[in-house]
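Working notes for the structure below.
Values quoted throughout were computed directly from the atomic coordinates according to the rules given, and no laboratory measurement underlies them. Just so you know, these numbers come straight off a predicted model, no measurement behind them. Here the Cβ positions follow ideal geometry from the backbone for every residue, glycine too, while neighbour counts run over all protein chains shown.
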Amino acid sequence: MTEGTKALAAVGSPKRTKDIIAKHGFTFKKSLGQNFLIDQNILRNIVEAAELDETKGALEIGPGIGALTQQLAQTAGRVTAIEIDNRLIPILEEVFADTPNVHVEHGDVLKLDLETLLKERFAGVSGVSVVANLPYYVTTPILMKLLEEKLPLEHIVVMIQKEVAQRMAAKPGGKDYGSLSVAVQYYCVPELVCIVPHTVFIPQPNVDSAVIKLTLREKPPVDVEDEDHFFRTVQACFAQRRKTIANNLTAFVGKANRDQLGPMLERCSVDPTRRGETLSLAEFAAVSRELLAAGFNG
Ligand code: SAM
């Protein structure tokens with residue numbers, strides 16, 4: 001630990017958080033999902049799950065006043081933290097004035113060119129992970145951007161709403177399994193790290209939270225010819241959860257071609273009366289390939 005980081009001990013302690021907020025007259029914006037962490041053990045658990053060391057980089061989304069950023073800076077070689085709220089930028093600059101391995105980037109993560117940012121900020125590091133306590137109002141768009149842009153990341157360790165974490169990690173056959181589970185598991189191996197009570201935040205959110213670790217796959221676990229078509233097929237199969245896949249796929253192939261669905265699904269060894277929530281990634285991939293071969297694009 002450097003002199004600088006020692007002097008800044010525990011930004012995320014309840015007292016230091018309240019002091020920083022009072023000093024700068026900061027008021028929380030619910031619309032930006034501002035719930036700051038004030039529990040050192042939870043912060044440590046998040047950082048430990050990311051398997052960082054001084055050769056690695058950490059990209060944080062939404063540093064707030066820097067509770068997690070501080071612990072990341074003590075573990076990773078380099079940290080870049082993207083914050084949308086311009087009122088937090090001078091606070092972060094003051095808190096990390098003596099912490100040279102922290103870079104604060106003012107911007108909206110959904111609008112930034114992350115590929116270029118990663119290249120600029122993390123040249124020479126042995127690997128980069130995203131580590132964040134995400135703003136809950138945009139959790140899914142942020143994660144889908146990270147995954148769909150195929151950014152060169154090792155892990156994504158994030159605090160999110162408990163129900164969303166459970167959906168991401170769900171296996172086929174349960175009520176939590178849906179198109180989000182398929183999308184996340186196509187790109188990553190998910191692991192629920194811990195469930196977090198709402199008492200460890202200020203202000204306290206109305207929902208329970210969980211930390212999820214997503215380890216990026218080197219290549220998808222199933223053979224997919226056309227990714228967009230695969231994801232359109234998955235969406236179609238979940239369009240109405242209580243309907244069978246044959247019923248849900250009718251709109252995809254057009255009513256006039258409905259009769260072809262039964263034989264096509266049987267060729268993939270998928271019973272047309274099953275529901276989307278029972279299909280594995282391999283089965284969705286087989287259905288997508290079959291539809292594509294028959295010229296049905298949704
Ligand atoms: N990391 C801090 C902590 O754990 O105490 C704060 C986490 S708070 C749940 C979410 C943070 O994300 C807030 O600081 C908020 O201003 C920021 N934020 C919200 N939307 C954002 C966006 N689109 N891009 C970047 N940051 C965003």
State the number of residues belonging to the range 189-206 that are surrounded by fewer than 14 Cβ atoms within 10 Å (Cβ to Cβ) and away from the ligand (no atom under 12 Å from the Cβ). 4
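Looking at G124, G57, G77, which one is out of contact with any Pro (no Cβ under 9 Å at 6 or more places or on another chain), small (G, A, S), exposed (fewer than 15 other Cβ atoms within 10 Å of the Cβ) and farther than 18 Å from A10 by Cβ? Steps first, answer last, please.
On the way: G57 fails: exposed (fewer than 15 other Cβ atoms within 10 Å of the Cβ); G77 fails: exposed (fewer than 15 other Cβ atoms within 10 Å of the Cβ).
Just a single option satisfies the conditions, and that option is G124.
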Specify the residue that is farthest from the chain's Cα centre (by Cα); the eligible residues are those in the range 213-260 that are of a type in the set (K, R) and under 18 Å from A285 (Cα atoms). R232
With the structure loaded, tell me whether I46 is assigned to a loop (DSSP other than H, G, I, E, B) and near the ligand (Cβ under 9 Å from one of its atoms) or whether it fails that test. no
